[in-house]
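Asker: My structure is below; once you've seen it, I'll send some questions.
The values are calculated or read from the model by the stated rules, or taken from the named source; none is laboratory data. As the structure is a computational prediction, the values presented were derived from the model and not from experiment. Cβ coordinates were reconstructed from backbone atoms using ideal geometry, including for glycine residues, and neighbour counts include every protein chain displayed. Remember, those area values only see protein heavy atoms, side chains included, never the ligands or the DNA or RNA. Shrake-Rupley method; radii C 1.70, N 1.55, O 1.52, S 1.80 Å.
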Amino acid sequence: MEKHRIFIVEDDLKIAELLADTLRKYQYDVAIVDDFDRITEEVLDFEPHLILLDINLPSYDGYYWCRQLRQHTTCPILFISARSGEMDQVFALENGGDDFITKPFHYEIVLAKIRSHLRRSFGEYASNQSERIIKCGSLHLYVERMELHKEETIIPLQKKECSILHLLMEDEPKVVSRERLLEELWDDQSFVDENTLNVNVARVRKKLSDYDIVSQIETVRGAGYRFVLDELER
């Protein structure tokens, strides 16, 4: 059975090596970045299943590198940083990250999050190979491709953006509860900040707006969210 590969982008060598040693004990194949000016090239060479990415890095910060990596990979990217502000977490998610772990961290939490994201992407919870298309008016969501199509327009999606739209469009016009969204998007909700779901939904709303999608994600206070299909897109 192939080991899952994890790539660590951390400029504190002591932390990077401690993380790598811990992960190797749990049978992960681990590599640590060597040249901070060639992060993308090293990631492409290693072909990781998951990336651990610091924010404060030489030359360019982690947000920049996450954007660069998202042009080449859809694998989970988990930010690990001493920054603990709300906006740092927002920036991490908006720039393509899937999760945020604050330093100092407990290794048990890091391992739990890694397992959770790997299960979602490659394990027993991963999508099957048959192509699923969720049709909602003129909008077609290609789940395995992580693309939303509107006529000739193709909108690329990040993994969690696609998951949110999948749930909401599939159940349109019903309300999808926050609890169900949290359960579907994160295996272990005990480590998920309450604001994380709000940030991810806001990111989907912005993407719809950026591509002139008139349909909206409506917040139903005290219940959850629902996809409101506009008449123009029926």
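Asker: Pop a pseudo-label 7 angstrom from the Cα along the beta-carbon direction at both Ser209 and His149 and give the gap in nm to one decimal.
Answerer: So the two model labels end up 2.8 nm from each other.
Asker: Sorted by accessible area (1.4 Å probe), largest first, how do Glu108, Glu42, Glu172 line up?
Answerer: Values: Glu108 130, Glu42 30, Glu172 50 Å².
Heavy-atom accessible area, descending, gives Glu108, Glu172, Glu42.
Asker: Sequence gap at least 6, Cα distance under 8 Å: using those rules, report the relative contact order of the stretch 1-145 to the nearest whole percent. Mind showing how you got there, number by number?
Answerer: Details: 194 pairs, mean separation 25.2, N = 145.
That works out to 17 percent.
Asker: Which shape class applies to the stretch 1-129: rounded if a/c is under 1.5, otherwise prolate when a/b exceeds b/c and oblate if not, where a ≥ b ≥ c are the square roots of the Cα gyration tensor eigenvalues? Mind dumping the intermediate values first?
Answerer: On the way: a/c = 1.25, a/b = 1.22, b/c = 1.03.
Rounded, since a/c falls under 1.5.
Asker: What is the extension gain from Glu183 to Ile109, computed as 0.36 nm multiplied by their sequence separation minus the C-alpha to C-alpha distance, in nm to one decimal? Working shown, then result.
Answerer: On the way: separation 74, 0.36 × 74 = 26.64 nm, distance 1.74 nm.
Separation in residues times 0.36 nm, less the Cα-Cα distance, equals 24.9 nm.
Asker: I've got another one for you. Cα axis of helix 107-122 to longest principal axis of the chain: angle in degrees, 0 to 90, nearest 10?
Answerer: 50 degrees
Asker: Still on this structure, please answer the following. Which order do the peptides 76-86, 202-212 take when ranked by the mean count of other beta-carbon atoms within 10 Å per residue, highest first?
Answerer: In decreasing order of mean packing, 76-86, 202-212 become 76-86, 202-212.
Asker: Hey, can you find the accessible area per residue of the stretch 149-234 for me, probe 1.4 Å, expressed in square angstrom? Don't skip to the answer; put the middle values down first.
Answerer: On the way: 4690 Å² over 86 residues.
Spelled out: the 1.4 Å probe surface of the stretch 149-234, per residue, equals 55 Å².
Asker: Moving to a separate point now. To the nearest 500 deg cm²/dmol, what mean residue ellipticity at 222 nm is calculated for the chain from DSSP H runs of n ≥ 4 alone, each contributing -39,500 (n - 2.57), summed and divided by the residues? Please list the in-between numbers first.
Answerer: On the way: 8 runs with 92 residues, N = 234.
Taken over the chain, the calculation gives -12000 deg cm²/dmol.
Asker: As I understand it, the value is the acute angle between the Cα axis of helix 13-25 and the longest principal axis of the Cα atoms of the chain; what does it come to in degrees, rounded to 10?
Answerer: 80 degrees
Asker: Considering only protein heavy atoms and a 1.4 Å probe, what is the carbon-and-sulfur percentage of the accessible area of the chain?
Answerer: 45 percent
Asker: In Å², what does the accessible area per residue of the stretch 8-54 work out to with a 1.4 Å probe? Intermediate results must be reported in sequence, preceding the final value.
Answerer: Working: 2380 Å² over 47 residues.
Accessible area per residue: 51 Å².
Asker: Next question. By the gyration tensor of its Cα atoms, with a ≥ b ≥ c the square roots of the eigenvalues, what is the shape of the stretch 47-123: rounded for a/c under 1.5, prolate for a/b over b/c, or oblate?
Answerer: Details: a/c = 1.80, a/b = 1.11, b/c = 1.62.
Oblate.
Asker: What Rg and what Dmax come out for the stretch 1-71 when only alpha-carbon atoms are used, in angstroms?
Answerer: In order Rg, Dmax, the Cα atoms of the stretch 1-71 give 11.7, 38 Å.
Asker: Still on this structure: Whenever you get a sec, line up Glu17, Glu179 from highest to lowest accessible area (probe 1.4 Å, protein heavy atoms).
Answerer: Working: Glu17 90, Glu179 120 Å².
Descending accessible area places them as Glu179, Glu17.
Asker: Please give the charge dipole size of the chain, origin at the Cα centre, charges +1 on K and R Cβ atoms and -1 on D and E Cβ atoms. Round to the nearest 20 debye.
Answerer: Details: 30 positive and 45 negative charges, 118 e Å.
My answer is approximately 560 debye.
Asker: Let me ask something else. For the full complex of protein chains and a 1.4 angstrom probe, list Met87, Met169 by accessible area with the highest value first.
Answerer: Values: Met87 100, Met169 5 Å².
Greatest to least solvent exposure: Met87, Met169.
Asker: At 4 °C and 1.567 mPa s, grab the translational diffusion coefficient of the stretch 130-234 from Stokes-Einstein with a Kirkwood Rh over Cα pairs, rounded to a whole number in µm² per second. Mind dumping the intermediate values first?
Answerer: Details: Rh = 13.9 Å.
The calculation lands on 93 µm²/s.
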